[in-house]
Amino acid sequence: MEGTAVPGRLTWQVATVTAVTQETPSVRTIGLGVPSWPGHRAGQHLDVRLTAEDGYSAERSYSIASAAGEPVAITVERLADGEVSPYLTEDLQVGDQLEIRGPVGGYFVWETADGGPLLLVGGGSGIVPLRAILRQREHSGSDVPVKLLYSARALSELIYRDELDGYHYGVEITYTLTREQPAGWTGYARRVDRALLAEIAWPAGKDPLAYVCGPTNFVETVAGALVALGYEPGRVKTERFGGTGGR
Amino acid sequence: MDELDGNEAAGLLQEVFGREMTVAAATCASCGTVAPIGEGRLYTGGPGTVIRCRTCVAVLVVITQVRGRYCVDLMGIRALDMPPGNMAPGGA
């Protein structure tokens, strides 16, 4: 079963860690070398399976952090009471092996042909699939205009900050820091709600395509507000993660 | 029990159904809401995997595994509308 992947079949295979990047004190990006990777689309997931010596195994699904055609990478946030994330964010090193399968999922996916204008709204590590979408747009030479609204508790918790700040043409990024702001912070310091979205998001008349990813409450609030602002529900794609189980 | 996102069951669903299922639109047998499976509420903490309707919280899908065999209960889904194609893991 763990052998060569059969095309079209989803099988577990052994990936090798090729790079580890510390994004924030509790978040790491893990680059993976996967022998039989069929290619993925921005926003898809992969499953990771860890097996203990006694045979107990735990599986988790992670958003792929890279664009189509780029090497596979996941970005993982350490959860204090997690079964999998502490290992991935603290112990795993370059050269180590991991059991994975994927890519999976097709709902929270953006392809260049899907167009825009794009509204990306991320809370905490919900930025991960949105980053894949941004890279996808960049790599494919798309000129679809993008607005990204990224909410985090503090400046030190913003993931991919340098990379995000490097975007210019057609990408407008707004940060909001909800708990702690550095001295002289001129960005937003409030939770994302309807009023903030009304100020920042594309008007519904532009027929925008929205991707919202973050903690469950965050996603419910944002998706509900966008629909209230006139966004077509079918063009508001959502992905939530729970308190402790998923990541 | 922690509530997760239906998208996180994509791997399991693909293993069971042999194709990408999170984009399939399920009609909830309880409230009639039509939504992609990926929009559902996922629970993995109990025995088996449960996906519930995001609107009314009724159970849509239960998948259990007993001695390597999958048992799939879809009683909570009145209709399932699957987009064509998309058989390969990478999608098409």
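The values are calculated or read from the model by the stated rules, or taken from the named source; none is laboratory data. Not measured: the values here are computed from a predicted model. Here Cβ is always computed from backbone atoms with ideal geometry, including for glycine, and neighbour counts include all displayed protein chains. Surface accessibility is based on the protein's heavy atoms, side chains included, excluding ligands, DNA and RNA. Shrake-Rupley method; radii C 1.70, N 1.55, O 1.52, S 1.80 Å.
Of note:
- Nonpolar atom fraction for chain B, defined as the carbon and sulfur part of the 1.4 Å probe accessible area, stands at 56 percent.
- Using the Cβ-Cβ distance between A:Glu180 and A:Glu53 with R0 set to 30 Å, the FRET efficiency works out to roughly 0.15.
- Within chain A, antiparallel bridges make up roughly 55 percent of the DSSP beta bridges whose residues both belong there.
- Largest accessible area first, the listed residues A:Phe218, A:Phe108 line up as A:Phe218, A:Phe108 when surface is computed with a 1.4 Å probe on the assembled protein chains.
- Cys with no candidate disulfide partner in chain B (beta-carbon separation under 4.7 Å rule): B:Cys71
- Cα-based helix-to-principal-axis angle, A:216-228 vs chain A, degrees rounded to 10: 40 degrees
- Total accessible area lost when B and A pair, probe 1.4 Å, Å² to nearest 100: 1900 Å²
- Carbon + sulfur, % of accessible area of segment A:112-241 - ligands and nucleic acids excluded, 1.4 Å: 47 percent
- Taking the longest Cα principal axis of chain A as reference, the axis of helix A:127-139 is set at about 80 degrees.
- Using Cβ point charges alone (K and R +1, D and E -1), the dipole size of the protein assembly as shown about the Cα centre works out to roughly 700 debye.
- Gain on full stretching of the segment that runs from A:Thr11 to A:Tyr169 - 0.36 nm per residue minus C-alpha separation: 52.9 nm
- Between amide H atoms placed 1.01 Å from N, distances below 5 Å from A:Ala189 occur with A:Leu177, all of them 5 or more places distant or on a separate chain.
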